[in-house]
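The block underneath contains the structure these notes are about, expressed in structure tokens.
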Amino acid sequence: MEQQVTNNSKKLKQLPQNLSSLKTVSYDVNARDKLHAIWFLGPSLLVLAVFVFYPMLRTLYLSLFLTNNLGKPTVFVGLQNYWSLLTSSSYLASLQATFVYVIAVSILTLIFGLLLAQAASFKVKGSNFFRTVFSGTMGVSVSVAAIFWLFMFNPSIGLLDQIASVLHLPVINWLTQPGWAMTAIVISTVWMNLGFTFLIFFGALQTVPVNLYEAAQIEGVSKSYQFFHITLPMISPTVFFVSIITLIESFKSFGLIDLMTAGGPNNATNLLVYRIYQDAFLNGNYGLASTESVILAIIIAIFTFLQFKILEKRVTYQ
């Protein structure tokens, strides 16, 4: 017995030396391993270089030049394109419209997506049907959605104005009045985004432990208190993720605006992405469009950074 204890003590004394020797072990990567790494990473890096890195550098390069109709740089102007945009009243109006649109779409998408997910999480008769309906917009293309909402907003045969006529309310020309056109685009975009947002939130709600709600019910806590003090903290990482994705996607909105309003009326819905499309592919001003792209990328980066700084502090990781 004493001999066994002595042997174990010797092994324990040798353990730190063995661990230190393990830390100094190095693994040599031979030429064959490097070749395998190149074969596996090469195609992905090539695709990224051609379709991501080169366009980014080319856009930054063109933003410093005046270009011809073919997109070739002609005159180096430095930061003059940036100064021209930031002092242009039409561009500042597009910037303001973009901020209004992005904030409205982001907030409404988060609120309605979370409320629909919360409603669909209740185990009642017919809940499966409503879950399918709520997520149905994910299978709708932008063109089909535009046709649907053009019909809804039509001042003559549109459903919304038909209901307004029945209720003796004023008929609204949704797509020909600047203020209402922005409202119509926001409604259409939120409807398109709800399917994805609903599914993400619904999946997150299923991971909240049921025993937390049971304990709250025993204590006699109200449903609203449970929602704000149990549900939201538990799914806060998902809310953080969806808010960032929704914000970025809102800045990149193009399809519905192109098909429904084409930036009108009176440039009320001429958002930054659609303005880039107009300057580049309709007006042939690739230098100015490149400058607008760089500014948009900077704006998205700033908003994303602010979201991380403000919202990440309130995220509860379990």
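We did not get these values from a lab; they are worked out from the coordinates using the rules stated. Since this is a predicted model, take the numbers as computed values, not measurements. Note that each Cβ is placed from the backbone with ideal geometry, even for glycine, and that neighbours are counted across all protein chains shown.
Across all C-alpha atoms in segment 210-318, the radius of gyration and Dmax reach 21.0, 67 Å. Please list the non-local residues whose amide H lies under 5 Å from the amide H of PHE65, H modeled 1.01 Å from N, same-chain partners needing a gap of 5 or more. Under 5 Å from the amide H of PHE65 lie the amide H atoms of VAL77, each far enough along the sequence or on another chain. Projecting label points 7 angstrom from Cα along Cα→Cβ for PHE148 and PHE241 puts them 2.5 nm apart. Listed by number, the DSSP H helices of the chain that run 27 Å or longer by alpha-carbon position along their axis and have mean Kyte hydropathy of at least 1.6 are 89-120, 286-311. Start at zero, step by 10 Å, and the Cα-Cα distances of the chain spread as 5, 17, 21, 20, 16, 10, 5, 3, 2, 0, 0 percent across the bins. Both radii are taken from the alpha-carbon atoms of segment 143-282; with Rh as the Kirkwood radius, Rg/Rh is 1.13. If you plug the beta carbon distance of GLN226 and THR304 into 1/(1 + (r/R0)^6) with R0 = 30 Å, you get a FRET efficiency near 0.45. Each listed q (0.12 Å⁻¹) maps to a log10 I(q)/I(0) for segment 107-203, found by the Debye formula over equal Cα scatterers with no solvent: -0.48.
Rounded to the nearest 20 debye, the dipole size of the chain about its Cα centre is 860 debye, using +1 on the Cβ of Lys and Arg and -1 on the Cβ of Asp and Glu.
Between VAL50 and LYS72, the C-beta separation translates, for a Förster distance of 22 Å, into a calculated FRET efficiency of about 0.65. Using 0.36 nm per residue and subtracting the Cα-Cα separation, the extra length available between TRP83 and VAL315 on full extension is 79.6 nm. Taking other C-beta atoms within 10 angstrom as a stand-in for reagent exposure, TYR82, TYR286 fall in the order TYR82, TYR286, fewest first.
Taking neighbour Cβ counts within 10 Å as the exposure measure, how do THR231, THR87 sort from fewest upward?
Ascending number of Cβ neighbours within 10 Å: THR87, THR231.
Given R0 = 25 Å, the distance between the Cβ atoms of ASN128 and PHE254 translates into a calculated FRET efficiency of 0.15.
For VAL208, VAL102, VAL52, VAL315, which order do you get if you count the other beta carbons within 10 Å of each Cβ and list the fewest first? Please report the intermediate quantities before stating the final value.
Working: VAL208 17, VAL102 25, VAL52 10, VAL315 14.
Least to most surrounded, the residues fall as VAL52, VAL315, VAL208, VAL102.
For the chain, adding -39500 (n - 2.57) for each run of n ≥ 4 DSSP H residues and dividing by the number of residues yields -21500 deg cm²/dmol at 222 nm.
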